Amino acid sequence: IEPLFTQVLMICDREGLIGRNMFAIDGCKIRSNASKEWSGTFNELERKQAKLHRASQRILARHQAQDGLSEDEISHDLKQQGKLDKSANKIKAFLAMNEEKLGSRKTPVKSNITDPDSAKMTTSKGTIQGYNGIAINDDKHQIILQAQTWGSVGEQQTLKPAIEQLQAQ
């Protein structure tokens, strides 16, 4: 879509719709389709994986200690154990396949297992897992010159890259 967007901007410029005097930049937070519960730093995710594994092992120990459980209890517990193991394995696979994200201060920031590019963000309506959508427009006719979604919290972190992309555009 980028080449098409560039062509539209070239037509707008040729028609005198872009003033080139002042540009405005603004952003909005956009919710992603990812669960906040699957977010954390690598240390937090490792602790969560260990906790899930311990809970699974407690179910197994309960079965070994109480052979007289009913079929319903056994079936329920085995389903629970399967869910716990599946979640623990999901975290383990994510940690093995990905590198820890570092923030602007070079400290670990939270990653999301289901949507690694998104970030946890605070909005006026609470905390969301999502993106910061940034748009730059020209003041003459409000033509959008550059738009991008960023998986980072602050707009100040996206300003320089957004301007660099605008210049390249």
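The values are calculated or read from the model by the stated rules, or taken from the named source; none is laboratory data. Owing to the predicted nature of the structure, the values given are computational and were not obtained by experimental measurement. Here the Cβ is made from the backbone with ideal geometry for all residues, glycine too, and neighbour counts use every protein chain on show. These area figures cover heavy atoms from the full protein model, side chains too; ligands, DNA and RNA do not enter into them. Shrake-Rupley method; radii C 1.70, N 1.55, O 1.52, S 1.80 Å.
Under 20 Å from a label point set 7 Å out along the Cα-to-Cβ vector of His76, the amide N atoms of segment 46-70 belong to 55-70.
Here the extension length gained between Ala50 and Asp139 equals 26.7 nm, from 0.36 nm per residue of separation less the Cα-Cα distance.
Among the DSSP helices (H) of the chain, none spans at least 20 angstrom by Cα along its long axis with an average Kyte-Doolittle hydropathy of 1.0 or more; this is a geometric and hydropathy rule only.
If you bin all the Cα-Cα distances of the chain at 10 Å, starting from zero, the percentages per bin are 9, 26, 23, 18, 12, 7, 4, 2, 0. Sites listed here are trypsin sites (Lys or Arg not before Pro) in segment 73-169 whose DSSP assignment is loop and whose Cβ has at most 15 other Cβ atoms within 10 Å: Arg105, Lys106, Lys125, Lys140.
Beyond 27 Å in Cα-Cα separation lie the following of the pairs Lys51/Lys125; Lys86/Lys110; Lys90/Lys160; Lys83/Lys106: Lys51/Lys125; Lys90/Lys160; Lys83/Lys106. Among the GluC sites (Glu not before Pro) in segment 1-99, those placed in a DSSP loop whose Cβ has at most 14 other Cβ atoms within 10 Å are Glu15, Glu99.
Extending 7 Å from the Cα toward the beta-carbon at both Lys92 and Arg31 defines two label points whose distance is 3.4 nm. For Gln57 and Ile11, the difference between the fully extended length at 0.36 nm per residue and the C-alpha to C-alpha distance is 10.1 nm. Per atom type, the chain shows carbon and sulfur on 52% of its accessible surface, probed at 1.4 Å. For segment 70-129, what does the alpha-carbon gyration tensor say about shape, rounded, prolate or oblate, given a ≥ b ≥ c as the root eigenvalues, a/c under 1.5 as rounded, and a/b over b/c as prolate? Since a/c reaches 1.5 but b/c is at least a/b, the shape of segment 70-129 is classed as oblate. Label point of Leu4 set 7 angstrom out along Cα-Cβ; within segment 129-148, amide nitrogens under 18 Å from it belong to 144-148. Within segment 12-100, the percentage of alpha carbon pairs spaced more than 22 angstrom apart rounds to 55%. Accessible surface for the chain, divided over its residues, is 68 Å² per residue with a 1.4 Å probe.
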